[in-house]
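One structure is given below, encoded as structure tokens.
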Amino acid sequence: MTNASIMRQKRSHRIDIRLTLAEYEKAQLMADENNLTMSELFRAKTLKNRLPRRVTKVAGQTYWELGKIGNNLNQIAKAINTSVLMGEPVVVDRALLSQVRDLVKQVRREIAEIDLITDLVKQVRREIAEIDLITDLQDEG
């Protein structure tokens, strides 16, 4: 079914939604800025946009796992420092331990950047969808 044939069909189903005042005002502003009715705006925003992938959930889980690894490294470092204070011999490559800690910090930063990039991609997709909607409406009018 083409977009044109969908547009010619009678819309007989209704959906009621509740919005906060701020949400309503934001939606009304978006509709006004694009010369759309609220119905046209919500159809465009919900039916023409793809749902985002759940990258942030994976990133959050990975970040949490890295935090656990970091905690384990800190516990190891504390045990080593305690042994040193008690005069017990400890054979540890402190440079290697420091490198591992730095790697954990680097991965955390990279995950945060992935989240930021994902948010930027979502924003660009929304803006492209709005442009597509305006173009579609201009073509139909």
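The values are calculated or read from the model by the stated rules, or taken from the named source; none is laboratory data. The model shown is predicted, which means the values in this text are computed figures rather than measured ones. Glycine also receives a Cβ, built like all others from the backbone with ideal geometry; neighbour counts cover every protein chain displayed. Accessible surface is based on the protein model in full, side chains and every heavy atom, while ligands, DNA and RNA are left aside. Shrake-Rupley method; radii C 1.70, N 1.55, O 1.52, S 1.80 Å.
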Considering segment 78-102 alone, what residues qualify as being loosely packed, with under 10 Cβ neighbours inside 10 Å and hydrophobic (A, V, I, L, M, F, W, C)? Leu85, Met86, Val91, Ala95, Leu96
Taking segment 120-141 as the search range and keeping residues that are in contact (Cβ under 8 Å) with a residue 24 or more places away in the chain and of a type in the set (Asp, Glu), which one is surrounded by the most Cβ atoms within 10 Å (Cβ to Cβ)? Glu130
Residue count for segment 6-43, restricted to those that are among the hydroxyl-bearing types (Ser, Thr, Tyr) and modelled with pLDDT under 85: 0
Go through (1) in contact (Cβ under 8 Å) with a residue 12 or more places away in the chain; (2) open to solvent by less than 80 Å² (accessible area, probe 1.4 Å); (3) of a type outside the set (Val, Ile, Thr) one by one and return the number of the condition Tyr63 breaks. (2)
The conditions are (1) open to solvent by less than 90 Å² (accessible area, probe 1.4 Å); (2) of a type in the set (A, V, I, L, M); (3) within 26 Å of the chain's Cα centre (by Cα), and Leu73 fails exactly one of them. Which is it? (3)
Scan segment 27-51 residue by residue and report those that are open to solvent by 60 Å² or more (accessible area, probe 1.4 Å) and either hydroxyl-bearing (Ser, Thr, Tyr) or free of Cβ contacts under 8 Å to residues at least 40 places away in the same chain (or both). Leu29, Asp32, Glu33, Thr37, Ser39, Phe42, Arg43, Thr46, Leu47, Leu51
The one condition in (1) in a helix (DSSP H, G or I); (2) open to solvent by 80 Å² or more (accessible area, probe 1.4 Å); (3) of a type in the set (A, V, I, L, M, F, W, C) that Ala112 fails to fulfil: (2)
Lys68 vs (1) at pLDDT 80 or above; (2) closer than 30 Å to Asn49 by Cβ: all pass except (2)
